[in-house]
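Student: Take this structure, written in structure tokens, and hold onto it; I'll ask about it next.
The values are calculated or read from the model by the stated rules, or taken from the named source; none is laboratory data. Only a predicted model underlies this, so the values are computations on that prediction, with no experimental measurement involved. All Cβ positions, even for glycine, are placed from backbone atoms using ideal geometry, and neighbour counts span all protein chains on display. What goes into the accessible areas is simple: the full protein's heavy atoms, side chains included, and nothing from ligands, DNA or RNA. Shrake-Rupley method; radii C 1.70, N 1.55, O 1.52, S 1.80 Å.
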Amino acid sequence: MPKAPLLAPPGPPTLTFRWDGAPVAACPGDTVASALIAAGELATSRSAKYRRLRGPACLHGGCGTCLVRVDGRPNQRACLTPVREDMVVEPQNTYGGLDPTALVDQIFRRGIDHHHLVVYPRLANQMMQGVARELAGFGELPDAPPEGAAGLFDHVPEVLVIGAGRSGRALAAALAAAGRPPLVVERRAAAALPAAERPARLLAGVGVFACYPQERLWAAASEHPPVLHRLRPRHVVLAVGAHEPTIPLANNDLPGVVSARGLADMLEQTGRRLAARVVVVGEGPRAELLAAGLGAERVAPARVHKLLGARRVKGVQLDDGKILRCDLVALAPDPAPAFELAAQAGAPIRFTGAGFAPVCDPDGRIAAGPAAHPLEAADAQTAPPPPWTLWAVGELAGATTPAEIQASVDRCAAALLRALAESPAPEDSHARA
Ligand code: FES
């Protein structure tokens with residue numbers, strides 16, 4: 001049965017793709033997640049651990065709950081995948097919303113000893129193993145191996161900016177205005193960035209997954225065949241922003257429970273408007289601002305008894321028994337800096353109260369710290385100094401408001417330009433390895 005649309009399009013939809021065999025209308029600029037949410041389709045996969053239905057939650061590539069199979073390739077993040085005409089998108093492990101593990105629980109009430117289960121005859125054992133793998137796995141393997149070998153590209157930029165959110169774009173613009181345009185790596189597609197603010201030198205659709213001084217930086221593009229990027233910059237600016245942690249509430253993992261900030265950003269990127277009833281859960285000025293921007297009712301987490309629904313969220317039950325019916329619940333917790341790459345690079349880390357952040361000076365320069373891994377600590381005394389200077393900007397550097405973010409960008413850009421002026425570098429190079 002068609003579901004009620006939750007997001008209104010910015011104009012007449014001009015694209016069509018297939019979701020679970022049925023056509024879904026989409027607009028240019030949509031991701032698979034925004035088009036599915038717009039169509040009221042909230043469940044995209046099932047948790048491999050808890051077996052509960054999952055749907056897009058953070059809406060910016062950070063949580064991995066939106067995994068879908070796209071054109072035969074499993075485990076693609078719906079929130080980062082731009083919609084293309086005629087693409088075939090399938091849910092993973094959802095079994096039409098049914099939970100086969102509930103049946104397993106009924107049959108094996110005292111638990112399963114899988115070492116001795118259906119060992120003989122061999123055919124039955126093979127079937128049992130197949131079912132177990134199906135239930136425990138992450139989707140199905142690709143229909144076909146990639147054509148051609150994976151590509152490897154080497155980049156030696158003077159300055160690398162990781163992240164093209166607000167702070168990354170502003171920093172890239174400030175450096176470009178001074179004649180030193182950095183290379184910017186962004187995991188979203190270029191179309192997800194405002195056209196007027198797109199950095200001139202942009203690697204879009206590319207995620208940095210390793211930041212080790214001894215090995216340089218590694219990034220991957222989810223292309224077909226896959227492409228690896230090895231990056232050896234002199235300055236690395238982390239403009240990776242912050243995560244939206246979840247808020248501990250009963251049923252906070254139901255499809256339709258999303259990040260308020262992710263939802264606001266998605267609406268801004270796609271031009272879509274809310275056509276759904278939304279309740280924001282959060283407190284403080286930031287949550288109030290997000291609720292006002294979404295035009296949604298807001299409740300403090302302490303007032304929430306539980307979220308209601310089975311296959312998707314249906315409402316919020318408050319402690320006094322009152323029920324707020326809704327189609328989406330948008331969580332607005334205090335954000336936690338995305339400190340992971342800084343930690344990989346060996347930066348000293350501090351607790352902020354909401355999460356962890358690298359220790360940096362007012363300009364954003366991150367102090368050289370101990371080795372990232374305890375096993376490397378013994379080598380730390382003799383190891384050569386890091387081949388780059390590491391910087392943090394925006395939310396990772398402790399900024400929270402737009403004014404603080406801009407001030408952080410201005411200070412970092414000025415300090416970086418001073419450092420670049422002191423030691424001119426050879427031309428940037430980019431080549432296929
Ligand atoms: S990774 Fe896609 S919604 Fe979080």
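Student: Kindly indicate which of 359, 409 is open to solvent by 20 Å² or more (accessible area, probe 1.4 Å), at negative phi and modelled with pLDDT of 90 or more.
Tutor: On the way: 409 fails: open to solvent by 20 Å² or more (accessible area, probe 1.4 Å).
When all the criteria are applied, what remains is 359.
Student: So, residue 295, is that one small (Gly, Ala, Ser), modelled with pLDDT of 95 or more and within 16 Å of the ligand (Cβ to nearest atom) or not? Break it down into steps so the answer makes sense when it comes.
Tutor: Details: small (Gly, Ala, Ser): yes; modelled with pLDDT of 95 or more: yes; within 16 Å of the ligand (Cβ to nearest atom): no.
Taking the combined requirement at face value, the residue does not satisfy it.
Student: Tell me, please, whether a residue that is crowded, with 16+ Cβ neighbours inside 10 Å and farther than 24 Å from residue 326 by Cα can be found in the stretch 33-50.
Tutor: no
Student: Test of understanding: among 96, 64, which residue is more than 14 Å from residue 33 (Cβ to Cβ) and either open to solvent by 60 Å² or more (accessible area, probe 1.4 Å) or part of a loop (DSSP other than H, G, I, E, B) (or both)? Walk me through it before giving the result.
Tutor: Details: 64 fails: more than 14 Å from residue 33 (Cβ to Cβ).
The unique qualifying residue is 96.
Okay, residues lined up against (1) within 16 Å of the ligand (Cβ to nearest atom); (2) in contact (Cβ under 8 Å) with a residue 12 or more places away in the chain; (3) in a strand (DSSP E or B):
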| position | (1), (2), (3) |
| --- | --- |
| 13 | no, yes, no |
| 24 | no, yes, yes |
| 28 | no, yes, no |
| 33 | yes, yes, no |
| 48 | yes, yes, no |
| 56 | yes, yes, no |
| 60 | yes, yes, no |
| 86 | no, yes, no |
| 89 | yes, yes, yes |
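Student: Scan the helices (runs of 4 or more DSSP H) fully inside the stretch 227-345 and keep the ones with 2 or more residues being in contact with a Pro (Cβ under 9 Å, 6 or more places away or on another chain) and either open to solvent by less than 10 Å² (accessible area, probe 1.4 Å) or not assigned by TED's automatic domain parsing to the domain that holds residue 166 (or both).
Tutor: Those helices (runs of 4 or more DSSP H) span 260-270, 285-294.
Student: When you scan the stretch 391-412, do you find a residue that is over 28 Å from residue 244 (Cβ atoms) and part of a strand (DSSP E or B), even just one?
Tutor: Initial filter on the stretch 391-412 (over 28 Å from residue 244 (Cβ atoms)): none.
Within the stretch 391-412 (the criterion being over 28 Å from residue 244 (Cβ atoms) and part of a strand (DSSP E or B)), the answer is no, since none of the residues qualifies.
Student: Of the residues 169, 188, 180, only one is touching a residue at least 24 places away in the same chain (Cβ under 8 Å), within 21 Å of the chain's Cα centre (by Cα), assigned to a loop (DSSP other than H, G, I, E, B) and surrounded by 12 or more Cβ atoms within 10 Å (Cβ to Cβ); which?
Tutor: Details: 169 fails: assigned to a loop (DSSP other than H, G, I, E, B); 180 fails: within 21 Å of the chain's Cα centre (by Cα).
Unique residue meeting the criteria: 188.
Student: Please verify whether residue 78 is within 9 Å of the ligand (Cβ to nearest atom), of a type in the set (Gly, Ala, Ser) and in contact with a helix residue (DSSP H, G or I) (Cβ under 8 Å, 6 or more places away or on another chain), treating the condition exactly as stated.
Tutor: Spelling it out, residue 78 is indeed within 9 Å of the ligand (Cβ to nearest atom), of a type in the set (Gly, Ala, Ser) and in contact with a helix residue (DSSP H, G or I) (Cβ under 8 Å, 6 or more places away or on another chain).
Student: Given 242, 220, 204, which one is under 15 Å from the mean Cα position of the chain (by Cα) and more than 27 Å from residue 407 (Cα to Cα)?
Tutor: The unique qualifying residue is 220.
Student: So, one more: Going residue by residue through the stretch 193-201, is there one that turns out to be assigned to a strand (DSSP E or B), without any contact (Cβ under 8 Å) to a residue 24 or more places away in the chain and open to solvent by 20 Å² or more (accessible area, probe 1.4 Å)? Spell out how you get there, then give the answer.
Tutor: Within the stretch 193-201, the first condition is being assigned to a strand (DSSP E or B), and the residues that meet it are none.
No, the stretch 193-201 has no match at all.
Student: Which ones in the stretch 258-278 are among the hydrophobic types (A, V, I, L, M, F, W, C), away from the ligand (no atom under 16 Å from the Cβ) and within 22 Å of the chain's Cα centre (by Cα)?
Tutor: Selection gives 274, 278.
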